[in-house]
Amino acid sequence: MRARVGQRVPVVVQSRGRRRTGARVLWVCAETVVTCGVVVLLLVVHQLWWTNQQARAEALQQVRVLEREWDISPPVPTSPVTGTGSSAGSGAVSGADAGGSSPSGAPSDGATRRPAPDAAPGRSDPAPSDAFAVLRIPRLGLTVPVAQGISKRSVLDKGYVGHYPGTAAPGRTGNFALAGHRNTHGEPFRYINRLAEGDVISVRTRGATYTYRVDQILPRTAPRDVGVVRAVPRSIVKPSYGYDAPGAYLTLTTCTPEFSSAYRLVVWAKLVS
């Protein structure tokens, strides 16, 4: 039957192809979002969990190696070492030679390296990143090796605590200043904010074990507050914190608040034996 003149003939438009294309685009976008989410999750797990497991295992193994060596080889008498040099993320304070690449806020104010503590006569000083002591904080259940320098790659990221170059040797007059990560890579200093006045901290070397008692805590200061690690420590940002007279001090520095390197948390202790 012929269509009448002027009568419109309905046209059917096939839209299945467009619908299928739109569905494919949505599916690809959804897959991309899910994949990115999984990758981010894996990165977070690696950073917050796996790096801690690796670093803690390596650090504890180093403690065992050191103490086994010390138990087998008795200490050699040495002449006193006076480490009174001054120096200043992660958890370090900005401004001193770190003996390698340093974390955000690595210290340096022209400090020179001091002889290693309890170094035997004729024996070379430990190279940067070499562990030479064991730090213990009973209140936190912490046992960690102390190494020369505050390089992220060769010291802090291994789960060690780093000794600021130019600061005193343990047990000596001056300031035995240490830096450590608060989060990731073993996070040895994560809970030092829980320390209180009177808490005991010990440092064992080949030659002796030194006992310090927590005396002051500076909850927050700037990364470049180099005064906190000087021979007579005193904050240059908050001068009400610190000391006026020479003594045998221990300084612990780390980042604050957690998961941030905006500020530094500082704990000071004094030698008691």
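Structure notes:
- Sorted ascending by nearby beta carbons within 10 Å, beginning with the fewest, TYR263, TYR212, TYR160 become TYR263, TYR212, TYR160.
- With all projection directions averaged, the alpha carbon convex hull of segment 182-232 covers 5.1 nm².
- Cα-projected label distance for GLU258 with LEU140, points at 7 Å along beta-carbon direction, nm: 1.3
- Across segment 126-192, Cα pairs under 8 Å and at least six residues apart give a relative contact order of 24 percent.
- Per-q log10 I(q)/I(0), segment 138-197, q = 0.17, 0.18 Å⁻¹ (Debye; single scatterer per alpha-carbon; no solvent): -0.58, -0.64
- Our note on the geometry: Cα centres of segment 228-246 and segment 173-197, 18 Å apart.
- Neighbourhood charge, 10 Å Cβ-Cβ cut-off, centred on ILE236 and excluding it, Lys, Arg +1 and Asp, Glu -1: +3
- For GLU197, net neighbour charge (Lys/Arg +1, Asp/Glu -1) across residues whose Cβ lies under 14 Å away: +2
- Two-site FRET efficiency, VAL232 against GLU197, from Cβ-Cβ distance with R₀ of 25 Å, rounded to 0.05: 0.80
- Take every pair of alpha-carbon atoms less than 8 Å apart whose residues are at least six positions apart; their mean separation over the length of segment 162-273 yields a relative contact order of 31 percent.
- Within straight-line cross-link reach of LYS270, lysines at Cα separation under 25 Å, skipping those fewer than 8 residues along the same chain: LYS238
A short reminder: the numbers here are calculations on the coordinates, not readings from a lab. No experiment lies behind these values; they were computed from the predicted model shown. Using ideal geometry, Cβ is built from the backbone for each residue, glycine included, and neighbour counts are taken over all protein chains shown.
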